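To start, the structure under review is shown below, and the notes come after it.
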Amino acid sequence: MTASRSEPLPFNPEVLRWARERIGIPIETAAKRIHTSIERLIDWENPEATRRPTVKQGRKLAALYERPFLEFFASEIPNVLPVQLVPDFRFHRVPPFEIELIALRKIQRWAEEQRLNALDLFEIMGDITPKFPLELYTSLEMEVDKAAQKAREFVQLPIEAQFKLNSNQKRRLPDILRSCLSECGVLILKHSDLHKARTRGICLFAEPLPIIVYGNEAPSAQAFTIAHEFGHILLRQSAISGGPRFGNTTSRGKSIEGWCNRFAASFLIPRQALDNLIARPDVPKDELEDSVLDLLATRFSVSRHAMLIRLVNLGYVKPGFYWRIKRPIYLDEEENFKSPPMRPSYYGSRYKNSLGTYYTGLVVEAWETGAISSHNAAEFMGIKNVAHLDDIRRNLVG
């Protein structure tokens, strides 16, 4: 006697396909990630086929596609509005690929969710959401050195403190900036997938709690990106940003990027501090020795790329030296930079690094005061095992 087969679960194949395509995962990748065959996954997305996932397989797909499991049983494709990307100021010669846009939408959606989470936490605890200081807002007409000096004084980051960083501490400059700017009511997040979309940083301007997102560049480049996106906040301008460049232009988009790049260079390398270290020539030099560039970049804990941009802007060296000789080299170095493999000090470190001490501190405070449960705290942090919250709390500072 043949045992009867149970009826397949009523998954909606069209919803399964929509969920996968919405997040931009190729069918081959999805099959590999949930340990099934491509042919089986194709059947699951085909209304004419009879094969359907098991509950366990469906839950794996829900986690992979970042959708609610029960949504896969809906009779119609959910009416979920796509993320409208903020203005793209990268100005690549090659237009963005669809896979890049999908990645950027995912990152922007994630960042916006963290902001909403933070706003919820302030409300839950009955705290007033910090507002960005009105006196720091500015315009393209403002001279960048004045804007940078004012901002630097406000966040209480004296150049002497930057100069005192030893060789090991210089890698922490992005963390120092992250901490200082967070005090202005800025949510600064880190996302390792930014480089996949040929993107250096994102600014999502909102009031309150504007957002900066940066990626896994070299620490000196991270510092420049954070300062650049901070410039966008000062201009109240959301943006997707590419690599550093300089110069003025009649295009408003490029004028904004140029201003933010000059602001970032000025913020990290104040004019007076630089003039105290190297005499400015009467006429810009044709070129500059690598040893001088290296020495100055090390002194200010910035990249050679950022340092040379600043030197060109201040008339130390001619623009042609940057554009024709050094820029291609620096761009190649940045494109091929790979973070050294490092063992996380504890399980939750990657979540804290991604969300930042500011956001993580909000979660821990709400949890410790009983305003939210341990389960809620884990959800706010994006971790599955609540047992790891204690590790995060113990390692919150440092």
- Note on the structure: By the C-alpha gyration tensor axes a ≥ b ≥ c (rounded if a/c is under 1.5, else prolate when a/b exceeds b/c, else oblate), the shape of the chain is prolate
- Item | Dipole magnitude of segment 88-153, debye to nearest 20 (Cβ charges: Lys/Arg +1, Asp/Glu -1, about Cα centre) | 240
- Enumerate by residue number the chymotrypsin sites (Phe, Trp or Tyr not before Pro) in segment 65-135 meeting two conditions: DSSP loop (anything except H, G, I, E, B), and at most 16 other Cβ atoms within 10 Å of the site's Cβ. Phe91, Phe97
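For the chain, give the percent of accessible area contributed by carbon and sulfur heavy atoms, probe 1.4 Å, rounded to a whole number.
That share works out to 52 percent.
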- Cα lying deepest toward the dipole's positive end in the chain, options Ser182, Phe205, Asn385, charges on Cβ: Asn385
- Task: Taking only Cα atoms and a 10 Å spring cutoff, compute GNM fluctuations for the chain and point out the largest among Met307, Met142, Met381.
- Result: Met142
- Most fluctuating of Leu85, Leu355, Leu116 in the GNM of the chain (C-alpha, under 10 Å) is Leu116
- Query: Which peptide among 212-225, 19-32 comes first, and what is the full order, when sorted by highest mean count of other Cβ atoms within 10 Å?
  - Reply: 212-225, 19-32
- Query: Helix-derived [θ] at 222 nm for the chain: sum -39500 (n - 2.57) over DSSP H runs of at least 4, divide by residue count, nearest 500?
  - Reply: -14500 deg cm²/dmol
- Message: What number comes out for accessible area per residue over the chain if the probe is 1.4 Å? Units Å², please.
- Response: 53
- Task: Take every DSSP beta bridge whose two residues both sit in the chain, then give the antiparallel share in percent to the nearest 5.
- Result: 55
- Do you know the relative contact order of segment 202-246, to the nearest whole percent, from alpha carbon pairs under 8 angstrom that are 6+ apart? 46
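The values are calculated or read from the model by the stated rules, or taken from the named source; none is laboratory data. None of these values were measured; they are calculated from a predicted model. As a convention, Cβ positions derive from the backbone with ideal geometry for all residues, glycine included, and neighbour counts pool all protein chains shown. Side chains included, ligands, DNA and RNA excluded: accessible areas come from the protein's heavy atoms. Shrake-Rupley method; radii C 1.70, N 1.55, O 1.52, S 1.80 Å.
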